Amino acid sequence: MTYKSNILAISGSLRSGSSNHNILSFLCGLTPADVHYYIYDRLAAIPPFDPGLDNEHPPEAVSELRSFINSATGVVICTPEYAFGVPGQLKNMLDWMVSSGSLVDKPVALVTASSVGSHAHAALLLTLGALSAKVTAGATLLIPFIRAKIDVNGDITDEQTEKALRDVMKVFLKEI
């Protein structure tokens, strides 16, 4: 099948079955058949950022991710907040993207789903701005107290949260 668009989805959580992975899966279900939606699952393979290795031959996992981002029409990031900030591995991944320009003018949707999340959400908006990503207006969402809004199977149980996620995806799909 030939796809009209290609969405790369990235979870800031490394934990299998996390709320953030569940949200990315929910968003996948909202994607039309002519849009390829791929959930990246190799965030843990990205080595610590080292400017000395950030050259024309970066580590394989970094090169692979840059290729995925370059071929994506848009990127969806869904992340928790750890210790009032961006999860380390997600921030590390974004650091590797600085010199490549992979996110420059790339449409990005950002969902932060955590106990609170406001600090990570604000920090990510700043970081994505520094990377010149095109954070889509209307395609950002902060979901506090996420565990009270998802059941043990990972299904969203809160109608307001489900509607807000549908709205984010609708806006994002129009953008890409």
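Note down the nm distance, to one decimal, between modelled labels 7 Å out along Cα→Cβ at residue 122 and at residue 15.
The modelled label-to-label distance comes out at 2.4 nm.
To one decimal place, what orientation-averaged projected area in nm² is obtained for the convex hull of the Cα set of segment 5-175? Write out the running numbers ahead of the final one.
Working: hull surface 36.5 nm².
Averaged projected hull area, Cα only: 9.1 nm².
Would you mind checking which residues have amide H under 5 Å from residue 79's amide H? H placed 1.01 Å from N; only 5 or more apart, or other chain.
Close amide H contacts, sequence-distant or interchain: 12, 111, 112, 113.
Identify which of 111, 152, 62 has the largest mean-square fluctuation in a Gaussian network model of the chain, with springs joining Cα atoms closer than 10 Å.
Comparing 111, 152, 62 in the GNM, the peak value goes to 152.
Averaged across orientations, what area in nm² does the convex hull of the alpha carbons in segment 51-92 project?
Working: hull surface 15.7 nm².
Orientation-averaged projected area of the Cα hull: 3.9 nm².
Taking the Cβ of residue 123 as the center, what net charge do the other residues with Cβ under 12 Å away carry, scoring Lys and Arg +1 and Asp and Glu -1?
Numbers: positive: 91; negative: 81.
Local charge sum for residue 123: 0.
What list of ³J(HN,Hα) couplings, whole Hz, do you get for segment 71-88 from phi and the Karplus terms 6.51, -1.76, 1.60, once you set θ to phi - 60° and write x for glycine and proline?
Once rounded to whole Hz, the list reads 8, 7, 6, x, 10, 10, 10, 10, 9, x, 10, 10, 6, 6, x, 6, x, x.
Any idea how far the Cα center of segment 121-176 sits from the one of segment 69-118, in Å?
12 Å
Using 0.36 nm times the number of residues separating residue 61 and residue 158, minus their current alpha carbon distance, what extension gain do you get? List each step's numbers first, then the result.
On the way: separation 97, 0.36 × 97 = 34.92 nm, distance 3.63 nm.
Working it through step by step, the gained length comes to 31.3 nm.
What are the lysines whose alpha-carbon lies under 27 Å from the alpha-carbon of residue 134, with same-chain residues fewer than 8 places away excluded?
Residue 134 reaches 4, 91, 106, 163, 170, 174.
Read-outs throughout are calculated quantities, based only on the coordinates presented, and are distinct from any laboratory measurement. Computed from a predicted model, the values in this text were never measured in an experiment. FYI the Cβ positions are ideal-geometry reconstructions off the backbone, even for glycines, and counts take in every protein chain you see.
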